[in-house]
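No value in this document is a laboratory result; all are computed from the given coordinates. Just so you know, these numbers come straight off a predicted model, no measurement behind them. With ideal geometry, Cβ positions are generated from the backbone for all residues, glycine too; neighbour counts draw on all protein chains shown.
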Amino acid sequence: MRLRPVPAAAAALLALVLAAPAGQAQTPAAAAPPPAPQAIKAVKPGLFMVTGGGGNTTVRVTSAGLIVVDGKNPGQTFYDDLMAQIRTVSPQPVKYLVVTHHHADHSGNTGRFLAAGAKVVAQRNLPAELDKFTPPANNPTLTAPARPDVTYAQTYTIGLGGKTVRLMHFAAAHTDADTIVYFPDLKAVSTGDELNAANPNFDYAGGASIAGWITSLDDTLKLDWDQAIPGHGAEPFTRAQVVAFRGKLATLLDRARAQVKASTPKDKLVASLKLDDLWPFPAGFWNAMRTDGLYAEAGGK
């Protein structure tokens, strides 16, 4: 398969998005590899996930149109590739785009969905996070993703084609504008980056909270579902995998609190923590923003 070239703006963003929250001006230490090609796979009847090209996209097919969750990296090529994948399972128009959080690998094509006639829904804190956007130094013309045209505080319900989809914001977690999307008739959820097959991204600059993240996953686990589509990863999570992910978050926070209580200074905090049994955090992950945030959340002054 011959891959299309990656747009310059998207390539620059890809180098930043997992190592730092979208909008932070930070030059990557090394060039990021090109994103994997997009591919669509069935999760449940009428429910699909599209991997590659940024964060995972979820597609709910109804007789009256499509509900799409997250819209990939910014750029016409990524948008066109996503729509081509969607067209392999349904010719219906996209009626709703749900944006799970502000990072541009999930929200990058909001403007294109709006222009195509979709209603875009996000948690009410998301526009303020977009307002913080600063283009990276190596791509100064990059602009913030478009704003949603509908926002909600705690819950929002979409009814389309006889199907009901529930949007829920339980707590600040990966960011302060996270949305959990629940498909009750299919017993499935789409979580954005509250689940990640690689490692969690603590975007403290975007309002992250590990304690809130644990609360959000606890509330998500109270719903009736058996498949959870993560923000990154090739396969859905099972309930057992979500419980394990939640447990690692709690372990990390407990260990950080214990070190702060033992008077470990902030600049020694991360080195003092056992992390190899949690996630393989990439080099450079524990930058000043994440270290400062974890130290403060663990009780440091």
For this session: Using a Förster distance of 25 angstrom, determine the FRET efficiency expected from the C-beta separation of Thr157 and Ser63, and round it to 0.05.
Result: 0.90
Seminar exercise, completed: Residues whose modelled amide H sits under 5 Å from the amide H of Thr62, counting only those 5 or more places away in sequence or on another chain, are Ile67
For this session: Can you tell me the FRET efficiency between Lys187 and Arg87 if r is taken as the Cβ-Cβ distance and R0 is 22 Å, rounded to the nearest 0.05?
Result: 0.25
Seminar exercise, completed: In units of 2.2 N^0.38 Å, the Cα radius of gyration of the chain is 0.96
Exercise. What nm value, rounded to one decimal, do you get for the distance between Ala288 and Arg257 when each label is placed 7 Å out toward the C-beta?
Worked result: 2.9
Problem set entry | Within straight-line cross-link reach of Lys44, lysines at Cα separation under 25 Å, skipping those fewer than 8 residues along the same chain | Lys72, Lys95, Lys119, Lys163, Lys187, Lys222
For this session: With only Lys, Arg, Asp and Glu charged, each at its Cβ (+1 for the first two, -1 for the last two), find how big the charge dipole of the stretch 172-227 is about the Cα centre; round to the nearest 20 debye.
Result: 60
Seminar exercise, completed: Of the stretch 72-96, those with amide N under 17 Å from the point 7 Å along the Cα→Cβ vector of Val150 are 93-96
For this session: Please order Val150, Val189 by the number of other Cβ within 10 Å, starting at the fewest.
Result: Val150, Val189
For this session: Could you go through the stretch 65-72 in sequence order and give the Karplus-derived ³J(HN,Hα) for each residue, using 6.51 cos²θ - 1.76 cosθ + 1.60 with θ = phi - 60°, rounded to whole Hz, and x for Gly and Pro?
Result: x, 10, 10, 10, 10, 6, x, 6
Problem set entry | Only Lys, Arg (+1) and Asp, Glu (-1) charged, at Cβ; the chain dipole about Cα centre in debye | 240
Exercise. What percent antiparallel are the DSSP beta bridges of the stretch 8-236, to the nearest 5?
Worked result: 65
For this session: Give me the distance between the Cα centres of the stretch 89-126 and the stretch 32-82, rounded to whole Å.
Result: 11
Problem set entry | Separation of the Ala36 and Asp131 label points, Cα + 7 Å toward Cβ, nm | 3.7
Exercise. So how far apart, in nm, are the two label points at Ala197 and Leu114 if each is 7 Å from Cα heading toward Cβ?
Worked result: 3.2
For this session: Could you compute the FRET efficiency for Gln76 and Thr164, with r as their C-beta to C-beta distance and R0 at 25 Å, rounded to 0.05?
Result: 0.15
